[in-house]
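The values are calculated or read from the model by the stated rules, or taken from the named source; none is laboratory data. Note that this is a predicted model, so its numbers are computed, not measured. Cβ: placed from backbone, ideal geometry, glycine included. Neighbour counts: every protein chain shown. Ligands, DNA and RNA are excluded from the accessible area calculation, which covers all protein heavy atoms including side chains. Shrake-Rupley method; radii C 1.70, N 1.55, O 1.52, S 1.80 Å.
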Amino acid sequence: MIWPSMTEDPKIAIIVINWNGRDDTLECLASVRQVDYPHFEVIVVDNGSSDNSVEAIRNAFPEVTVIETRENLGFAGGNNVGMRHALKNRSEYIFLLNNDTVVDSQILKSFIRSSRLLPRDAILSAKIYYYSNPDKIWYAG
């Protein structure tokens, strides 16, 4: 098991599961592209989409690793595929991100700062705002 290091910029894997969610996933990845953090990898696990998601993702985001499962493994199964890839590639942190989200550019820096205040086996979660009303909190932990 790889435990987070205290290095300044540990490698983070962002895992996004996609199943016939091309437009949401493209919007999510556009926000991830704006993240202000120097050392992360984005992994999209496609659970057998039939809406040309894979082609659209690869064309718009060539820097993203796309793993095709060829069948719908569900959220947990898809994340397991992504996490195995992330750990094999020596990611120190894993960020599971729903494909219908838009992230703040500072999210990874905030998570790293917070993780240093907690035990190494902690799980972090972000505040979630309504998409259509971004000033209103939907979830806060």
GluC sites (Glu not before Pro), restricted to the stretch 49-96: which are DSSP loop and have at most 11 other Cβ atoms within 10 Å?
GLU63, GLU71
Using amide H atoms built in the peptide plane, which far-off residues or other-chain residues are under 5 Å from ASN99 H to H?
ILE17
Counted charge near ALA86, where neighbours are those whose Cβ lies closer than 14 Å (Asp, Glu -1; Lys, Arg +1)
+2
Measure off 7 Å from each Cα along the Cα-to-Cβ vector at GLU55 and GLU8, then give the distance between these two points in nanometres to one decimal.
4.4 nm
Length gained if ASN20 through GLN106 is fully extended, taking 0.36 nm per residue and subtracting the Cα-Cα distance, is 28.2 nm
Taking the full set of protein chains and a 1.4 angstrom probe, give the accessible area of TYR37 in square angstrom, rounded to the nearest 10.
20 Å²
Relative contact order computed over the chain (Cα-Cα under 8 Å; 6+ residues apart), in percent:
31 percent
I need the trypsin sites (Lys or Arg not before Pro) found in the stretch 40-88, filtered to DSSP loop residues with at most 11 other beta carbons within 10 Å of theirs.
ARG70
Electrostatic dipole magnitude of the chain [Cβ: Lys, Arg +1; Asp, Glu -1; Cα centre; debye, to 20]
520 debye
Using only alpha carbon pairs under 8 Å that are at least six residues apart, calculate the relative contact order of the stretch 17-97 and give it in whole percent.
33 percent
If you add up the charges near ALA56, with Lys and Arg at +1 and Asp and Glu at -1, over every other residue whose beta carbon is less than 11 angstrom from its beta carbon, what do you get?
-2
Pop out the carbon and sulfur fraction of the accessible area of the chain as a percent, whole number, probe 1.4 Å.
51 percent
